[in-house]
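Notes for the one structure printed next.
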Amino acid sequence: MTVTGKEIRIVSLLVLDTVFFLLEAIVGYTVGSLALVADSFHMLNDIISLFIALWAVKVKTSKPADGKYTYGWQRAEIIGALINAVFLLALCFTIVIEAIQRFFIAPEVSNPKLILIVATAGLLSNGVGLVLFHEHGHSHGHSHGPSHSHGDEHSHRTDDETQINSESYMLKNGCSHRISQYMPINVVGRIDESSNLLPKNNQAKTKAKSMNTESMFLHVLGDALGNIGVIITALFIWKTDYTWRFYSDPVISLVITMIIFSSALPLCRKSSKILLQATPHYLDLNRIVEEIVLIPSIKSVHDFHVWNLDEDFLVASLHLEMNETSHISVVESDANAGQINKCAFIETVAQVRLILHNYKINSVTIQPEFLAKEYAACEELT
C-alpha cells in the first residue's frame, strides 16, 4: 500500500504531539500550572484532529462510492472537523471555569524553571509542525478546498479554460438542426464535469488544501503561540517577587483559550453549514437565475439548489421551464407528436452548464419542463 507524503507528515506530527502532550500534562499538574495544562489539552485536541485526518484520508481512498454511499466518504473530513471543533469549544469552557476560580484562589505555581524548559521544548516541536504544514500549504496554493475525485476524476478548470462549443458537440454526436432527432418529454439531464459538453484538460486542476489540513495548521500555530505565553508566564513567576505574579498563570490560560476559540468556532460553523447543505455564502442564487433566464429557450427556473459536497466540490440541481417554441418541433407524424428536439435541448443545457461552471459549480442535475400546446389546453380545463 502506497503511503502518501500527507500521511507521513500526519504520522510524524502525531508522534511528536503525543510525546509533548504527556510531558506537558504531567508537568502541568505536578507544578500546578493551569497554562501548561491548557496547552497540553490543546495539543490533545491536535492529536485527535490528526487521528481524524488520518482516518479520513484512509477511508476516502479505500471506500469508493457504492449503492449505499453513492457519494462515497467525501464528507468524512467534514464530520471529523465538526467533532474536532465541538471538542475544542467544550475544552474552552472547561479552561475558562478553572481560570476564573484561580482569580479568586491563586494556588502557588512551583518550579517555574521546569515549566520554562517544557514550554520551550514544546515551542520547538510546534516549530517543526509549522514547517511541515506551512510547506504543505504553499505547495497547494491559496485556494480554500481540495481537488476531489467523485466517481471519475473531475477536472477543476479556471474560467478561461472552460469553453463549450454546442455546435461541434451536436455535430460530433450526429445532431443538427433538423427535426428528426427527438427525446422523450420527461427527460432528465445530468451534466457532470466528466460530460463531453466540457473539454477535457487533465493538466488544469485547482491547487487547494483540505479543511482538516488547514485546521491542523491553525492548531499548530495556536500551540506555538500558547507555548510562548507559557514561557512568558514561567519567566515572570521565576524572575519576579510580586505577590500577584501567580495570577499571570490564569491570565495566560485565558489567552490560550481565546486562541483555541478563535479557530474552533469558525471551523464548527463552516463544517455545520456544509453538513446542512447550505448555499455557499459567496453565491447569489438570484443573480445566477437572472443569467440563466436570459437564454432564449428558457422561460423560468425553480427548485434551484446549490450545496457543498465537501469544502470545495459544489453540486447543484434545478428545474428549467422551457419556452414552448424553442424545443417543441412541428412534426406531422403522429408517432413523434409532442416529442422534443434533442439537439436544441443539448444546446440549452450546454449554455446553462457554462453559466454554472463559471461559478465553480462542479456537478449539475437539470430537469427540464416542457409545456406543449396540447398540454397547455389540459391545464386550462383544470
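The values are calculated or read from the model by the stated rules, or taken from the named source; none is laboratory data. If you're wondering where the values come from, they're calculated on a predicted model, not measured in any experiment. Glycine gets a Cβ as well: all are built from the backbone with ideal geometry, and neighbour counts include every protein chain shown.
Filter region 281-319 down to the residues that are out of contact with any strand residue (DSSP E or B) (no Cβ under 7 Å at 6 or more places or on another chain) and among the polar types (S, T, N, Q) and list them by number.
In the first step, residues of region 281-319 are kept if they are out of contact with any strand residue (DSSP E or B) (no Cβ under 7 Å at 6 or more places or on another chain); the result is 281-282, 284, 286-288, 290-291, 294-296, 310-312.
Correct list: Asn286 only.
Within region 12-25, can one find any residue that is closer than 17 Å to Ala99 by Cα and part of a helix (DSSP H, G or I)?
Yes: region 12-25 contains one or more residues that are closer than 17 Å to Ala99 by Cα and part of a helix (DSSP H, G or I).
Taking region 37-85, which residues are modelled with pLDDT of 80 or more, farther than 13 Å from Glu311 by Cβ and of a type in the set (Val, Ile, Thr)?
Hits for region 37-85 are Val37, Ile47, Ile83.
Which members of region 211-267 meet the condition of being more than 30 Å from Gln74 (Cα to Cα) and either modelled with pLDDT under 80 or part of a loop (DSSP other than H, G, I, E, B) (or both)?
Ala224, Leu225, Thr240, Asp241, Tyr242, Thr243, Trp244
Hey, can you tell me all the residues within region 26-51 that are surrounded by fewer than 22 Cβ atoms within 10 Å (Cβ to Cβ) and over 17 Å from Gly229 (Cβ atoms)?
Those that are surrounded by fewer than 22 Cβ atoms within 10 Å (Cβ to Cβ) and over 17 Å from Gly229 (Cβ atoms): Ile26, Tyr29, Thr30, Leu44, Ile47, Ile48, Phe51.
I'd like to verify a number: residues in region 227-258 that are under 19 Å from Phe104 (Cβ atoms) and either among the aromatic types (Phe, Trp, Tyr) or not assigned by TED's automatic domain parsing to the domain that holds Cys92 (or both), how many?
Looking only at that region, the number is 4.
Going by the conditions given, is Ile95 in contact (Cβ under 8 Å) with a residue 24 or more places away in the chain and under 23 Å from the mean Cα position of the chain (by Cα)?
no
Just checking, does region 343-358 include any residue being crowded, with 17+ Cβ neighbours inside 10 Å, at pLDDT below 85 and part of a strand (DSSP E or B)?
Scanning region 343-358 turns up no residue that is crowded, with 17+ Cβ neighbours inside 10 Å, at pLDDT below 85 and part of a strand (DSSP E or B).
Return yes or no: is Ala99 in the same structural domain as Leu225 (by TED's automatic domain parsing) and farther than 25 Å from Asp310 by Cβ?
yes
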